[in-house]
1. Whole number please: convex hull volume per residue, Cα atoms of the range 48-187, in Å³.
2. When only C-alpha pairs under 8 Å and at least 6 residues apart count, what is the relative contact order of the range 48-187, in percent?
3. Identify the chymotrypsin sites (Phe, Trp or Tyr not before Pro) of the range 172-266 meeting these criteria: DSSP loop state and at most 10 other C-beta atoms within 10 Å of the C-beta.
4. Counting other Cβ atoms within 10 Å of each Cβ, which chymotrypsin sites (Phe, Trp or Tyr not before Pro) in the range 258-320 have at most 13 and sit in a DSSP loop?
5. DSSP loop (so not H, G, I, E, B), at most 16 other Cβ within 10 Å: list which trypsin sites (Lys or Arg not before Pro) in the range 103-211 pass both filters.
6. Pulled fully out, how much extra length does the chain show between residue 69 and residue 369, if you take 0.36 nm times their separation in residues and subtract their Cα-Cα distance?
7. Could you give the length gained on full extension between residue 303 and residue 270, defined as 0.36 nm per residue of separation minus the Cα-Cα distance, in nm?
8. Report the FRET efficiency, 1/(1 + (r/R0)^6), for residue 132 and residue 204, where r is their Cβ-Cβ distance and R0 is 45 Å, rounded to 0.05.
Amino acid sequence: MNSKQLLLLILLGLVLGGAGLLVRRNQQSQYSDSSSTMGGTLLGAFDVNSVAGFRITVGTNPPTEILKRENDWIIPGRGGYPANFPTVGEFLKKLAELKIASPVRVGPSRLPMLELTRETATTLELLDAAGKPIKAILLGRKHVKEGADNSQFGHGSFPTGRYVKVGDAIALVGDAVSTADSRLADWIDKDFFKIEKPKSVVVQGRSPTNTFSLMRENEFGEWKLADAKSDENIDPTKLSSYSSLLSSPTFNDVVTDPKPVELGLDQPTVVTIGTTDGFTYKLTLGKPQADDAIPLQVAVEGEFNTTRTLSKDEKPEDKDKLDKEFQAKLGKLQEKLKAEKSYGKWTYLVSKYTVDALLKDRTGFQADKKPESKPGDHPPLGVPSLEIPTLDPDDK
């Protein structure tokens, strides 16, 4: 080999080496991003206040949208029902602060393993006021850690992070972002009406045995079956639970297009509950649906005393204070009425447990019958007989 041939080989090597280096750098820039550094935030300098909505799509399922309308967050998929503001706020805050635990450099062939394809990932799109995406994040496979036998969580695995993809950058973040996997119903604001100090419960059921009226004189009185029949022996202890009836109810979901026949609302159980504060609740209950959920509609009315009754021994110097306390209480009742009236335009699905007391058969209020004893069923009870020995008159 002469010097000319050697020079050509050296030049060819340099060209091939440079081309290889260029290809490698292009691949690295394709699968990683210089901003994806360990400890940095995933979205960089991102203003969370610019977000006016977000869309979550799990795989190929229909998307879940949460949108901001003026100062409220709503759920279009539930007819514009209010979303849970603390849940939404905490979710967006967590996204803005999401830290990169480790950048990940992989090629396209490895994306299915990390569940970072459009078919397998959870796609999160942050939207502007016009509904256009301003950021898109693919949430892939969760990173799990095995728990130690002596761990407070017990033996097993628990998520500690998640593989994500923003643009071409792939990283492992230090949070599982599990809220993004929530069902649409989990985003709903679950605030609901609350019945306080009930004094009357009138149930008009689908049959006579599911129809009854309960009354008591005041919030501390004993419940009585107002329409008790002569042959009904009522056990008052079986009525005591109605004192806390629907004191803190919740619901599972909202029905956006209620069909009365399908929900059993064409032949409902109608319940009217009055309270000592002047509220009247009319509940309309349908037939059990999937998972025994019961359709429920509620209408609330209120009639309050707007004039304070003076007590006989009231002192003049106490009048202003008592008047202010009365007006403050009246204001709270009026605010509660306004808030609870807003539930009247929706149809809810509640658990059967929530309204079970209103679907009860009136025979369940009767005292338990004592079993009748029959001769020979039990040995006779009483003082055992004693045998008195006979004394011989000759014994001394």
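Just so you know, all these numbers are worked out from the coordinates, no wet-lab data involved. Computed from a predicted structure; not experimentally measured. We place every Cβ from the backbone using ideal geometry, glycine too, and count neighbours over all the protein chains shown.
1. Dividing the Cα hull volume of the range 48-187 by its residues yields 128 Å³.
2. The normalised contact order for the range 48-187 reaches 24 percent.
3. 220
4. When the chymotrypsin sites (Phe, Trp or Tyr not before Pro) of the range 258-320 are filtered for loop state and at most 13 Cβ neighbours within 10 Å, 304 remain.
5. 105, 118, 183, 190, 194, 206
6. Net length gain for the segment: 102.0 nm.
7. This chain segment gains 9.8 nm when fully extended.
8. Given R0 = 45 Å and the Cβ-Cβ separation, E is 0.30.
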